[in-house]
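Visitor: The structure's right below; bear with me while I get my questions together.
The values are calculated or read from the model by the stated rules, or taken from the named source; none is laboratory data. What you see is a predicted model, and the numbers here were worked out from it, not measured in a lab. As a convention, Cβ positions derive from the backbone with ideal geometry for all residues, glycine included, and neighbour counts pool all protein chains shown.
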Amino acid sequence: MEKLEALRRLFPGRVDLSESERLRHGKDEGYPEARPVLAVVYPEGVEDVQKALQWARAWGVAVIPFGAGTSLEGHLYPVQEAISLDFSRMNRLLEVRPEDFLCVVEPGLTRKALNEALKGTGLFFPVDPGADATLGGMAATNASGTTTVRYGGMRQNVLALQVVLANGEVLELGRGVRKTSAGYDLKDLFIGSEGTLGIITRLTLRLHPLPEHIHTLRVFFPRVEEAAEASYKVMASGLPVARLELLDELALRALNRYLQAGFPERPALFLEFHSSTREALEAESALALEIMREAGALKVEAAKTEEERRRQWEARHQAYWALVHLFPGHRFVITDVAVPLSRLPEMVRYAQGLLEEMGFTGNILGHVGDGNFHTLVPILPQDYPKAEAYAEALVRKALELGGTCTAEHGVGLRKKKYLPLEHGAALELMRKLKNLLDPEGLLNPGKVLDTPPSSRYS
């Protein structure tokens, strides 16, 4: 094909046309379908991204950015002929400025690699989604994690971006300062845009001092509803919780089989407190335990060593894979709703009750400290429509309670149908912004907003 020959000339030795790689880059972790992209291209700098976009415009081929492939909502699925821009070769830590509590990275660097490189500086980057995602992908989906309740998600921890627009123009957004009121905040427009408005090629990130004192707890409850109620009461107390995670008994059973974790198999809250003094840490933990015991806590376990603490949070991050291992041969429907904190217990009760009513063996876990939790419903293919009905009922309930259809996974393909319910007339402004920045519809088409499909894939 002439277009592929032209692509190879632009990127000698950096275009992969193998069926396996084309298919791998057309599927993410959570979307049930896969379709091969036309080609996989490996950029090594911003100029390569510009060249790829110039080629894409010339040939009318879409462009889908690819980080680690860990997204969950069909972000990588090509709805029309597309190339994948794989950022694994743009993975450098470009600069660390400890005195300013910031660093500059390329988009293909992963969160774990960044924190490994920061060892010895006394600083860390806090945002920790379950997967070892790339920082570019995390910004593109406005990712969050277990520490968001204390340190914020990607939007709160990205100070500046370099972005390439569909026409090849390079924008520098943000100044690396903690706050500014100089005009419209265009940086935030691209955080969470899922590669549909521009392609992120550099990030300036906020770093935080490593906490001097840490106390990590596991608190077990008779039912998941009591655990959710206790989490709200802890947050309502004003305690500076660093992590507050809910895991139901199914998640703990899966982790015990997958990691031999040895957890009691009862609904639990995993908590952590960070402080600069031992006295403050002990006082905060004691008050939290008093609140949770009044809410019905049955048992408390504390991590006695740093290794035990590390294993606890590694187990939390492995919960998805543990559930996959517990249900071999099943697909999963995953929800990602969030509601105002005061409505969290009601939302969890609804989710649990609906699982039972519909006959699903599902799991509830999540970042309840910021009102977000997930249900993971293992299904066989014939159950998919019923499971999707469950997911839709949860979204509608969350919206009714003033919440959102997706707190951290993004919209992708699967959540588009809920945006009119959540955003109303504001959705039309989103379409105008998309058309302004990407008039030819070549940047990750079909994600967030509908894009007319190409005849080549229709």
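Visitor: Out of the range 359-378, which residues are of a type in the set (Val, Ile, Thr), farther than 27 Å from residue 236 by Cβ and at pLDDT 95 or above?
Guide: Once the filter is applied, which keeps residues that are of a type in the set (Val, Ile, Thr), farther than 27 Å from residue 236 by Cβ and at pLDDT 95 or above, the range 359-378 yields only 377.
Every residue, every condition in (1) crowded, with 19+ Cβ neighbours inside 10 Å; (2) more than 29 Å from residue 313 (Cα to Cα), yes or no:
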| residue | (1), (2) |
| --- | --- |
| 2 | no, yes |
| 28 | yes, no |
| 64 | yes, yes |
| 77 | yes, yes |
| 94 | no, no |
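Visitor: Hey, among the residues in the range 400-417 that are within 20 Å of residue 348 (Cα to Cα) and more than 15 Å from the chain's Cα centre (by Cα), which one's surrounded by the fewest Cβ atoms within 10 Å (Cβ to Cβ)?
Guide: 402
Visitor: Let me ask something else. Within the range 162-174, is even one residue in contact (Cβ under 8 Å) with a residue 12 or more places away in the chain, in a loop (DSSP other than H, G, I, E, B), in contact with a Gly (Cβ under 6 Å, 6 or more places away or on another chain) and farther than 30 Å from residue 249 by Cβ? Steps first, please.
Guide: Taking the range 162-174 and keeping what is in contact (Cβ under 8 Å) with a residue 12 or more places away in the chain, we get 162-168, 170-174.
Retained after the next criterion (residues that are in a loop (DSSP other than H, G, I, E, B)): 165-168, 174.
When the remaining residues are screened for being in contact with a Gly (Cβ under 6 Å, 6 or more places away or on another chain), the result is 165.
Within this subset, residues satisfying the condition of being farther than 30 Å from residue 249 by Cβ are 165.
Looking through the range 162-174, at least one residue is in contact (Cβ under 8 Å) with a residue 12 or more places away in the chain, in a loop (DSSP other than H, G, I, E, B), in contact with a Gly (Cβ under 6 Å, 6 or more places away or on another chain) and farther than 30 Å from residue 249 by Cβ.
Visitor: Among residues belonging to the range 255-303 that are polar (S, T, N, Q) and over 26 Å from the mean Cα position of the chain (by Cα), point out the one that is nearest to residue 368 (Cα to Cα).
Guide: Within the range 255-303, the first condition is being polar (S, T, N, Q), and the residues that meet it are 256, 260, 275-277, 285.
Among the residues that remain, those that are also over 26 Å from the mean Cα position of the chain (by Cα) are: 260, 275-277, 285.
On the way: 260: 25, 275: 21, 276: 24, 277: 26, 285: 18 Å.
Restricting to residues being polar (S, T, N, Q) and over 26 Å from the mean Cα position of the chain (by Cα), the top hit is 285.
Visitor: Can you pull out the strands (runs of 3 or more DSSP E) entirely within the range 177-270 that have at least 3 residues that are closer than 22 Å to residue 294 by Cβ and in contact (Cβ under 8 Å) with a residue 24 or more places away in the chain?
Guide: Of the strands (runs of 3 or more DSSP E) lying wholly inside the range 177-270, those with at least 3 residues that are closer than 22 Å to residue 294 by Cβ and in contact (Cβ under 8 Å) with a residue 24 or more places away in the chain span 213-220, 241-247.
Visitor: Could I ask something else about it? Could you check the range 418-448 and list, in sequence order, the residues that are touching a residue at least 60 places away in the same chain (Cβ under 8 Å), surrounded by fewer than 18 Cβ atoms within 10 Å (Cβ to Cβ) and not in a helix (DSSP H, G or I)?
Guide: 439, 440
Visitor: Of the residues 131, 140, only one is in contact (Cβ under 8 Å) with a residue 60 or more places away in the chain, surrounded by 24 or more Cβ atoms within 10 Å (Cβ to Cβ) and not assigned by TED's automatic domain parsing to the domain that holds residue 276; which? Spell out the reasoning first.
Guide: Values: 131 fails: surrounded by 24 or more Cβ atoms within 10 Å (Cβ to Cβ).
So the residue among 131, 140 that is in contact (Cβ under 8 Å) with a residue 60 or more places away in the chain, surrounded by 24 or more Cβ atoms within 10 Å (Cβ to Cβ) and not assigned by TED's automatic domain parsing to the domain that holds residue 276 is 140.
Visitor: How about the range 354-372: which of its residues are over 14 Å from residue 270 (Cα atoms) and of a type in the set (Val, Ile, Thr)?
Guide: Scanning the range 354-372 gives a single hit, 361.
Visitor: Something else about it: Which members of the range 40-54 meet the condition of being closer than 14 Å to residue 15 by Cα and surrounded by 19 or more Cβ atoms within 10 Å (Cβ to Cβ)? If you could, list the steps in order and put the result at the bottom.
Guide: In the first step, residues of the range 40-54 are kept if they are closer than 14 Å to residue 15 by Cα; the result is 40-44, 48-49, 51-52.
Passing the criteria: 40, 41, 42, 43, 48, 49, 52.
Visitor: Being crowded, with 21+ Cβ neighbours inside 10 Å and either under 30 Å from residue 115 (Cα atoms) or hydroxyl-bearing (Ser, Thr, Tyr) (or both) is the filter here; which residues of the range 79-92 pass it?
Guide: 84, 85, 86, 87, 90, listed by residue number.
Visitor: State all residues of the range 398-434 that are at pLDDT below 95 and in contact with a Cys (Cβ under 7 Å, 6 or more places away or on another chain); if no residue qualifies, say none.
Guide: None - no residue of the range 398-434 is at pLDDT below 95 and in contact with a Cys (Cβ under 7 Å, 6 or more places away or on another chain), so the list stays empty.
Visitor: Looking at residue 174 and the list (1) within 23 Å of residue 73 (Cα to Cα); (2) surrounded by fewer than 24 Cβ atoms within 10 Å (Cβ to Cβ); (3) touching a Ser or Thr at 6+ places or on another chain (Cβ under 8 Å), which single condition is not satisfied?
Guide: For residue 174, the failing item is (1).
Visitor: Just one of (1) modelled with pLDDT of 95 or more; (2) touching a Ser or Thr at 6+ places or on another chain (Cβ under 9 Å); (3) not in a helix (DSSP H, G or I) trips up residue 21, so point out which.
Guide: (3)
Condition check ((1) farther than 21 Å from residue 244 by Cα; (2) in contact (Cβ under 8 Å) with a residue 12 or more places away in the chain; (3) surrounded by fewer than 18 Cβ atoms within 10 Å (Cβ to Cβ); (4) more than 15 Å from the chain's Cα centre (by Cα)) across all residues:
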site	(1), (2), (3), (4)
372	no, yes, no, no
379	yes, yes, no, yes
385	yes, no, yes, yes
388	yes, yes, yes, yes
395	yes, yes, no, yes
398	no, yes, no, yes
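Visitor: Another question, then. Which condition number in (1) under 25 Å from residue 326 (Cα atoms); (2) assigned by TED's automatic domain parsing to the domain that holds residue 355; (3) not basic (Lys, Arg) is the one that residue 369 fails?
Guide: (1)
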